[in-house]
Each structure stands twice: as C-alpha cells, then as structure tokens.
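Participant: Below is the structure I would like to discuss, written out as structure tokens.
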Amino acid sequence: MTATGPTATRPTPGSLRVPGATLYYEVRGRGPLLLLIPGGTGGAAAFDGIADELAAEYTVASYDPRGLSRSPLDDPQAGQSVAEHAEDASLMLDLLSPGEPARVFGSSSGAIAALHLLTARPERVARLVAHEPPVVEVLPDAAEHRMFLARVRETLRTEGFMPGMSVFAAGLKKAGGDGGGDGRGNAAEPRAAPPRLPPQAAARAERTMADLPYFLERIVPSFMSYAPDVRRLEALSDRLVLACGQDSRGELPYRPAAFLAKRLGTELLHFPGGHTGLTTHPARFGELLRKALRA
C-alpha cells in the first residue's frame, strides 16, 4: 500500500508510540513515502524549507527524534543509541508505508541513523540519501576524533554546557579532528535566536536552543562513536547516495561521507551550502534531492 497524505503546505501532525518514547511526526503530500530524518536539534521543522516542494511528488514525513522537542522519552535519563533511533525510523516506515520500501533522506546525526536503518532493514529502503553523516570511526585517524570527543565530554563535565558546545563546534570546523589547540573560539559559540522572529520561527528557534544540551550530552557521544558496517554498505551501495555540502570541504563532517564514497566506489553528491545547506539554500537543495531520489 502506498502512503498518502494531506495537500502541501498543510502538514498533518501525528504521534507514534515506540519503545521508550512517543514520536511526534508530520505528513504532507501524496505519492510514495519519503521519510526525512533530521540531524542535530532541528526536528521535523528542519525540513520546512523543502518539504512542500517534495510533497508535490511524495508523501513527505518528518519527525522529532526521541528525546528532542515534541518527542518525549518515558525515562528522561535513558541512554541513546544509533540502533534505537534507526528502529524508530523503521517503525515510522511500517506505519506510513506498510509493505512497500520507501525513500529516505537523513542529515548529520539523522544520516547516521539512516545508514544503520539501511544495513539493518534493507527491505524497507528503496533509496537513501545520506548528507554528511559524521561517522568518524571509518576514518584512518579515528583515534584523533575520539580524543576530540573526550575533550568535549571533559569540558562539559568541568566547565558546563556553553564551553563544551564551543569546543564541539570549533572541532567540527577542522578536517583533522584534534588538529592541535584547545578547539575554542568565539566564532563557534552558539548564538541566541535573533530578535523579532515571526511567532512560528521564534518557537522553532526556542526549541532548537532548548534541545542543544540534550543533543550534545546524550546524542553526540553515542552517534559519533558509531562504526557502520562498511561491508554491508558495499553490498547495498546501489541504493545509497552519499552527499556533502560543497562549502563543507575542510571540515570534519565532510570527510566520512567522502571517505565512504571512495571506499564504495560511488559518486559523492554535492549539495549547495555547508552542513546546514538544507536551511541556507532550501530551493536548490530540494531540487537536487528530488533528482537524487529519482535516480
């Protein structure tokens, strides 16, 4: 059965009970299912700039991952794992596209969950576009990145969230992970939401900022220590598109996707902008994503 949804620009919200959490999701459009898995703290709203265009061709579903925004955990202290998040995505597919494989797009940490979904439940995925999954364990210098993450954890423990976030954000800008220095810099510090935003945008920015501590303390350690099954990905490479932002060259999130594409012998697709290109260049990003999903 092919999932169908509401007309574009009027997403229908829903909730899905999964083990240990209740997921908030939105559906719009009509046609075969396209599941959008957000990265960071963006949640379903991260795709507002591209969802309507995609909904002209697909039933587009997006959601807030467990523990973020409108998807509360039963136990707020529960540990997080890539496999658990991938199973959440699988259950979303079972709900919205039962019996038919679906197209999937994942960004950043969402792309990590999507890679695991592909290897664990390949029968559910017709095509996956994975944008800058920071699976640093595949890199030859993975040990340096473990040191970087250990420094982030230690800064969080001894100095608090804002210094830890500064170390993390600065470290992502370095292609070499550790790269020397202490990874600090004012330019990398998170900024407050800009003033006088429209009410909907202001609420989205407030949710994003509120979720940052949870993301950094609970999601980042488990996701960036995840090692994908590369041999399994090789066997499934005909349905996998690895992608990066064209402005991300020289930054850490670019390297794993580029490394995997070379290892798998597949082309690396470049989207406009950097790691958050779907937000900064939504029109062009959405256009290229539609083409990648059709190929």
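Participant: Assigned to a loop (DSSP other than H, G, I, E, B), out of contact with any Lys or Arg (no Cβ under 9 Å at 6 or more places or on another chain) and modelled with pLDDT of 95 or more, is that true of GLY14?
Facilitator: no
Participant: Which condition number in (1) assigned by TED's automatic domain parsing to the domain that holds LEU236; (2) at pLDDT 95 or above; (3) out of contact with any His (no Cβ under 6 Å at 6 or more places or on another chain); (4) within 27 Å of GLU251 (Cα to Cα) is the one that GLY40 fails?
Facilitator: Evaluating GLY40 over (1) assigned by TED's automatic domain parsing to the domain that holds LEU236; (2) at pLDDT 95 or above; (3) out of contact with any His (no Cβ under 6 Å at 6 or more places or on another chain); (4) within 27 Å of GLU251 (Cα to Cα) leaves (2) as the failure.
Participant: Restricting the search to the stretch 261-284, which residues are part of a helix (DSSP H, G or I) and closer than 22 Å to GLY43 by Cβ?
Facilitator: Those that are part of a helix (DSSP H, G or I) and closer than 22 Å to GLY43 by Cβ: GLY277, LEU278, THR279, THR280, PRO282, ALA283.
Participant: Tell me which of these GLY273 doesn't satisfy, since it passes every other one: (1) out of contact with any helix residue (DSSP H, G or I) (no Cβ under 8 Å at 6 or more places or on another chain); (2) over 17 Å from LEU128 (Cα atoms).
Facilitator: (1)
Participant: For the stretch 233-269, give me the residue count where each residue is polar (S, T, N, Q) and crowded, with 19+ Cβ neighbours inside 10 Å.
Facilitator: Adding up the residues that qualify gives 1.
Participant: Pick out the one residue from ALA192, ALA203, ALA295 that is modelled with pLDDT under 95, closer than 23 Å to LEU34 by Cβ, surrounded by fewer than 18 Cβ atoms within 10 Å (Cβ to Cβ) and more than 17 Å from the chain's Cα centre (by Cα).
Facilitator: Criteria check complete, one pass: ALA295.
Participant: Now for a different question. In the stretch 26-44, is there at least one residue being part of a helix (DSSP H, G or I) and either in contact with a Lys or Arg (Cβ under 8 Å, 6 or more places away or on another chain) or crowded, with 23+ Cβ neighbours inside 10 Å (or both)?
Facilitator: Yes, that holds for at least one residue.
The values are calculated or read from the model by the stated rules, or taken from the named source; none is laboratory data. Small disclaimer: the values here were computed from a predicted structure and weren't measured. As a convention, Cβ positions derive from the backbone with ideal geometry for all residues, glycine included, and neighbour counts pool all protein chains shown.
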